[in-house]
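Asks: The structure follows.
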Amino acid sequence: MLLAIDVGNTNLVLALGDEGGAIESRWRIETAAITGADACEEALRATLGDAVSRTGDAIIASVVPDVTPRLEAAIKAITGTPPVIVGAPDVDLGIAVNIDIPAQAGADRLVNAVGAMAHHHLPAILLDFGTATTLDLVAEDGTYEGGIIAPGVALSIEALERAAAQLPRLELRSFGADLPVLGKNTVAAMETGVLWGYVGMIEGLLRRLRDEQGGTSPLPAIATGGLAGLFADHLPDIDAVDPDLTIRGLFEIYARNRGTRRAEGN
């Protein structure tokens, strides 16, 4: 079976499935736990458990360069085969990248574009709630046209806590639609800033991006990422939530490169 791994700044998201893209199991590992190849292998084996014996191959998309070689070595030790690495010269994504410096496009954002091309109607805006909050435009033919990067929700809360000594630690949670905009205590004021502040930011960015693209044809927004569930219900401009968009994209890329990989004897 295929192990797909999305390496983010906060977590590694892992999914095991068949080569047709059907996902059997999902796991998370804190990125900070990957301190070396040995620690990486230990974490993978402990997390996957019995699934290790059913893992035949792997594909990785990483935005943390220091972790990538550690993970690559650990995967090879576990499966006996080096993983497919998104961004490697011999890996074909099947999409064009229409930005000033294509090499600067994050692997996860390109993988999301591939997943959207395979599983959603395009053109579309991909909205990823992760360590950063990103919006990316994918054209009708799957071309990655560029995007927007804003600080993620958790990152903003951490920065606020560090900079303001009198503010308490705020735990992220699901917020009700009836959360008042005006907070009557410090925690309530922080919660409304997090919820309605980010809702307002996303609404404004979606509106401006759609206007910039002409505003004459539907340009749906598809949400993904670990924190999407906290905000999607409060954003009527989001047309779909696909929590597995990145994993879906990884399975698609593996399928596209499978023939070449087998021809090389891997």
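Asks: Quick one: in region 98-128, which of the residues that are farther than 21 Å from Ala22 by Cα and of a type in the set (Asp, Glu) is least open to solvent (accessible area, probe 1.4 Å)?
Replies: So the residue we want is Asp128.
Asks: Sticking with this structure for a sec: Which one is farthest from Glu30 (Cα to Cα) among residues in region 40-59 that are among the polar types (S, T, N, Q) and surrounded by fewer than 17 Cβ atoms within 10 Å (Cβ to Cβ)?
Replies: By that ranking, first place goes to Ser53.
Residue by residue, here is whether (1) assigned to a loop (DSSP other than H, G, I, E, B); (2) within 29 Å of Leu126 (Cβ to Cβ) holds:
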position	(1), (2)
Arg162	no, no
Leu170	yes, yes
Ser174	yes, yes
Gly183	yes, no
Val194	no, yes
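Asks: Additional query: Can you confirm whether region 210-233 contains a residue that is over 20 Å from the mean Cα position of the chain (by Cα), under 22 Å from Val111 (Cα atoms) and not in a helix (DSSP H, G or I)?
Replies: Checked region 210-233: at least one residue is over 20 Å from the mean Cα position of the chain (by Cα), under 22 Å from Val111 (Cα atoms) and not in a helix (DSSP H, G or I).
Asks: Exactly one of these conditions fails for Val67: (1) open to solvent by 20 Å² or more (accessible area, probe 1.4 Å); (2) more than 21 Å from Asp244 (Cα to Cα). Give me its number.
Replies: (1)
Asks: If you don't mind, there's one more thing I want to ask. Within region 89-97, can one find any residue that is modelled with pLDDT under 95 and not acidic (Asp, Glu)?
Replies: yes
Asks: Report, ordered by the first and then the second residue, all pairs with beta carbons closer than 9 Å, sequence separation of six or more or different chains, a first member in region 148-163 that is over 18 Å from Trp196 (Cα atoms), and a second member that is among the charged types (D, E, K, R).
Replies: Between residues of region 148-163 that are over 18 Å from Trp196 (Cα atoms) and residues that are among the charged types (D, E, K, R), the close pairs are Ile148/Asp136; Glu161/Arg169.
Asks: Would you mind telling me which numbered condition in (1) part of a loop (DSSP other than H, G, I, E, B); (2) more than 30 Å from Ala118 (Cα to Cα) Asn9 fails?
Replies: (2)
Rundown of residues vs (1) farther than 29 Å from Pro151 by Cβ; (2) of a type in the set (S, T, N, Q); (3) in a strand (DSSP E or B); (4) out of contact with any His (no Cβ under 9 Å at 6 or more places or on another chain), yes/no style:
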{"position": "Leu14", "(1), (2), (3), (4)": "no, no, yes, yes"}
{"position": "Glu19", "(1), (2), (3), (4)": "yes, no, no, yes"}
{"position": "Arg26", "(1), (2), (3), (4)": "no, no, yes, yes"}
{"position": "Ala32", "(1), (2), (3), (4)": "no, no, no, yes"}
{"position": "Thr47", "(1), (2), (3), (4)": "no, yes, no, yes"}
{"position": "Val52", "(1), (2), (3), (4)": "yes, no, no, yes"}
{"position": "Ile59", "(1), (2), (3), (4)": "no, no, yes, yes"}
{"position": "Ala74", "(1), (2), (3), (4)": "yes, no, no, yes"}
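Asks: I'd like the full set of residues that are closer than 16 Å to Thr10 by Cβ and either among the charged types (D, E, K, R) or open to solvent by less than 40 Å² (accessible area, probe 1.4 Å) (or both), limited to region 134-153.
Replies: Thr134, Ala150, Gly152, Val153
Asks: Also, quick follow-up: Restricting attention to region 70-97, which residues are free of Cβ contacts under 8 Å to residues at least 24 places away in the same chain and surrounded by fewer than 17 Cβ atoms within 10 Å (Cβ to Cβ)?
Replies: Answer for region 70-97, where residues must be free of Cβ contacts under 8 Å to residues at least 24 places away in the same chain and surrounded by fewer than 17 Cβ atoms within 10 Å (Cβ to Cβ): Lys76, Gly80, Ala88, Pro89.
Asks: Determine whether Asp141 is under 23 Å from the mean Cα position of the chain (by Cα), within 14 Å of Ile238 (Cα to Cα) and among the charged types (D, E, K, R).
Replies: Answer is no for this residue.
Asks: How many residues are of a type in the set (Ser, Thr, Tyr) and open to solvent by 70 Å² or more (accessible area, probe 1.4 Å) when one looks only at region 18-35?
Replies: Here the count works out to 1.
The values are calculated or read from the model by the stated rules, or taken from the named source; none is laboratory data. Bear in mind that the values here come from a model prediction, so they are computed numbers and not experimental data. For neighbour counting, all protein chains shown are included, and Cβ atoms are generated from backbone atoms with ideal geometry for every residue, glycine included. For accessibility, only protein heavy atoms count, side chains too; no ligands or nucleic acids. Shrake-Rupley method; radii C 1.70, N 1.55, O 1.52, S 1.80 Å.
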